[in-house]
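Colleague: What follows is a single structure, and I will ask about it in a moment.
A short reminder: the numbers here are calculations on the coordinates, not readings from a lab. Treat the numbers as computed from the prediction; the structure is a model and nothing was measured. We place every Cβ from the backbone using ideal geometry, glycine too, and count neighbours over all the protein chains shown.
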Amino acid sequence: MSSALRKEYLAALGLETWTLRGPAAASEPVAAPFDEPVPLVAAAPRETAQRDEVAPGDATAPREAAPREAAYDWPQLRERVAACTRCGLSATRTQTVFGVGNLQAEWLVVGEAPGAEEDRQGEPFVGRAGQLLNAMLRAIGLKREQVYIANVLKCRPPQNRDPVAAETMECLPFLDRQIALLRPKIMLVVGRIAAQNLLRTDAKLGALRQQVHSFGAAGVPLVVTYHPAYLLRSPAEKRKAWEDLKFAREVFARG
Ligand code: SF4
């Protein structure tokens, strides 16, 4: 990706770049090592240990789709989700939000649950948060159409409250089956709720970032970052999200 194009994407993320002043200055950004523009936002101290590979353990124990989901193909699974009444959220949803994207995708993005706009449109990550997610993906050279996007919960919790344990327990087998069908090469998990549920931990998001977790029996590499909706409320954290995205790109490149 050219530095000009990357600058454009970073601008969409809200990350501006330094430029030289004075007679010798050009309008081009000063390239940081590896041709990355230097964000204006000061680099925050890393919250966690460095990029250690996390050995499979309690938080990353393999999880497979429940037997009742394990045989479903994509159309069957979509049908089952659309008709699902396993938890109380079925009573308040406008429609289920199954997931969207390329069924051959190498990247799987997982969020928490549909919001109001998603509930209306039936697609995850639309509206402002969706636009920011698209910009985040573009910043690492990915188009939305190239990835698959899903949530832990397929129905919107009223008033966007956090899901309760019983709701996630009932709904997670659907996501597990989506992962089994998709067989992604990397999972980018956005937000605390999704990360805690997939990794079976109550650790804070800051403690889960910048590490390679391993998901499921296939050991899919899993990287955690902030939810775009949170970044809209806390733009100063975009700098950390950018670090996470670069980290995820490195993990993917490592194979
Ligand atoms: S949230 Fe999941 S388990 Fe609950 S009704 Fe919707 S699809 Fe079913």
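Colleague: Can you tell me the length gained on complete extension of the stretch Gln104 to Glu250, counting 0.36 nm per residue apart and subtracting the Cα distance?
Modeller: So the chain would gain 50.5 nm between Gln104 and Glu250.
Colleague: Would you mind getting me the FRET efficiency between Asp162 and Arg68? Use the beta-carbon distance for r and R0 = 25 Å, nearest 0.05.
Modeller: Between Asp162 and Arg68 the formula returns 0.45.
Colleague: Can you tell me the convex hull volume per residue for the range 118-233, based on C-alpha atoms, in Å³ to the nearest whole number?
Modeller: In the range 118-233, the Cα hull volume divided by residue count equals 119 Å³.
Colleague: How would you rank 188-194, 156-162, 108-114, highest first, on the average number of other Cβ atoms within 10 Å across their residues?
Modeller: Ranked from most to least packed, the peptides come out as 108-114, 188-194, 156-162.
Colleague: Subtract the Cα-Cα distance of Gln131 and Lys185 from 0.36 nm times their separation in residues, and report this length gain in nm to one decimal.
Modeller: 17.1 nm
Colleague: Starting from the Cα-Cα distance between Gln95 and Arg233, subtract it from 0.36 nm times their residue separation and give me the gain in nm to one decimal.
Modeller: Additional length available on full extension: 47.0 nm.
Colleague: Based on C-alpha coordinates, I'd like the Rg and Dmax of the range 70-180, in Å.
Modeller: For the range 70-180, the Cα radius of gyration and maximum Cα-Cα distance read 13.5, 39 Å.
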